[in-house]
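J.: Let me give you the structure first, and then I'll get to my questions.
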Amino acid sequence: MRIDVITIFPGLFEPFRTTSLLGAACRDGIVELAVHDLRDWTKDRHRTVDDTPYGGGPGMVMRPEPLVEAIEALAGPKRGEGEESRQAHVLLLSPQGRPFTQAKAQELARETHLVLVCGRYEGVDQRVIDLAVDEEVSIGDYVLAGGELPALVVIEAVTRLVPGVMGNPESADTESFQAGMLEGPQYTRPAAFRGVEVPAVLRSGDHAAIARWRAEQARERTEARRPDLLPAARGDERNER
Ligand code: ADE
């Protein structure tokens with residue numbers, strides 16, 4: 001999978017690009033991550049990427065010219081005349097976007113080329129979205145100073161689902177949200193720590209009993225913490241039968 005990022009803070013991505021699972025995936029050539037400085041597409045002496053909003057109001061808005069040129073240089077035009085649509089999928093990270101979920105991560109993991117556009121300031125000129133962006137995504141109902149951390153969240157959630165990136169692909173299937181529910185508690189050695197014992201069933205060697213216990217724990221935790229997830233999880237269980 002190829003991922004291009006457009007940002008005014010390319011340095012923020014470097015440690016993530018070279019560390020841990022993503023670092024290994026990049027070194028192995030499974031993921032190709034290229035980070036681009038938006039200012040490289042500006043033409044004025046001050047390399048300006050923002051301007052005041054029409055209609056007034058606080059803050060600054062990201063100018064359309066450098067952003068659209070950067071996106072088109074990396075992804076091709078959104079609508080060609082009679083041409084095939086572009087191969088790349090262009091995402092803008094923004095609090096106005098649709099919520100980013102595990103289901104969206106799975107969908108994006110099937111793409112071969114993603115272009116992630118990091119907004120800053122009060123927002124991005126709407127014409128960038130209309131002319132060059134395929135989809136706006138938000139990582140949650142809170143406002144960050146820019147799309148860089150959200151882009152890293154999307155990169156990590158998506159790339160770990162790309163075949164070959166995770167050492168043990170099974171662990172992606174059982175974890176939280178993949179099954180529409182939260183995960184239950186996990187334990188490792190020692191069997192007793194500060195007087196607290198690991199539940200006996202996990203040490204029983206009875207795999208069916210362990211699976212039942214885990215399913216029960218997952219359901220109880222989901223009911224207590226995220227009851228909103230349960231209707232969809234029940235639908236999934238029915239569909240699997
Ligand atoms: N940029 C600022 N806040 C954001 C959020 N919650 N999600 C995605 N991009 C953002």
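The values are calculated or read from the model by the stated rules, or taken from the named source; none is laboratory data. Every value quoted in this text rests on a predicted model; they were computed, and no experiment measured them. Please note: Cβ atoms are built from the backbone with ideal geometry, for glycine as well, and neighbour counts cover all protein chains shown. Just the protein is used for accessible areas: all its heavy atoms, side chains included, with ligands, DNA and RNA removed. Shrake-Rupley method; radii C 1.70, N 1.55, O 1.52, S 1.80 Å.
J.: Answer with yes or no whether Leu152 is open to solvent by less than 80 Å² (accessible area, probe 1.4 Å) and closer than 27 Å to Leu182 by Cα.
T.: yes
J.: Mind checking which residues of the range 20-58 are in a helix (DSSP H, G or I), out of contact with any strand residue (DSSP E or B) (no Cβ under 9 Å at 6 or more places or on another chain) and surrounded by 14 or more Cβ atoms within 10 Å (Cβ to Cβ)?
T.: Initially, the range 20-58 is screened for residues in a helix (DSSP H, G or I), giving 20-27, 38-41.
Now drop any that are not out of contact with any strand residue (DSSP E or B) (no Cβ under 9 Å at 6 or more places or on another chain), which leaves 20-21, 23-24, 27, 39-40.
Across the range 20-58, the qualifying residues are Leu21, Gly23, Ala24, Arg39.
J.: I need a count of the residues in the range 180-206 that are assigned to a loop (DSSP other than H, G, I, E, B) and touching a residue at least 12 places away in the same chain (Cβ under 8 Å).
T.: Going residue by residue through the range 180-206, those that are assigned to a loop (DSSP other than H, G, I, E, B) are 180-191, 194-195, 198-199, 204-206.
Checking the rest, the ones that are also touching a residue at least 12 places away in the same chain (Cβ under 8 Å) come to 180-185, 187, 191, 199.
Looking only at that region, the number is 9.
J.: Moving on to the next point. Of the residues Leu114, Leu92, which is buried (at least 20 other Cβ atoms within 10 Å of the Cβ), of a type in the set (A, V, I, L, M, F, W, C) and without any contact (Cβ under 8 Å) to a residue 60 or more places away in the chain?
T.: None of the others qualify; the one that does is Leu92.
J.: So, of the residues in the range 101-147 that are in a loop (DSSP other than H, G, I, E, B) and over 30 Å from Thr52 (Cβ atoms), which turns out to be nearest to the ligand (Cβ to nearest atom)?
T.: Once the filter is applied, the top-ranked residue is Thr101.
J.: If you take the residues of the range 83-100 that are more than 13 Å from the ligand (Cβ to nearest atom) and of a type outside the set (Val, Ile, Thr), which of them is farthest from the chain's Cα centre (by Cα)?
T.: Glu83
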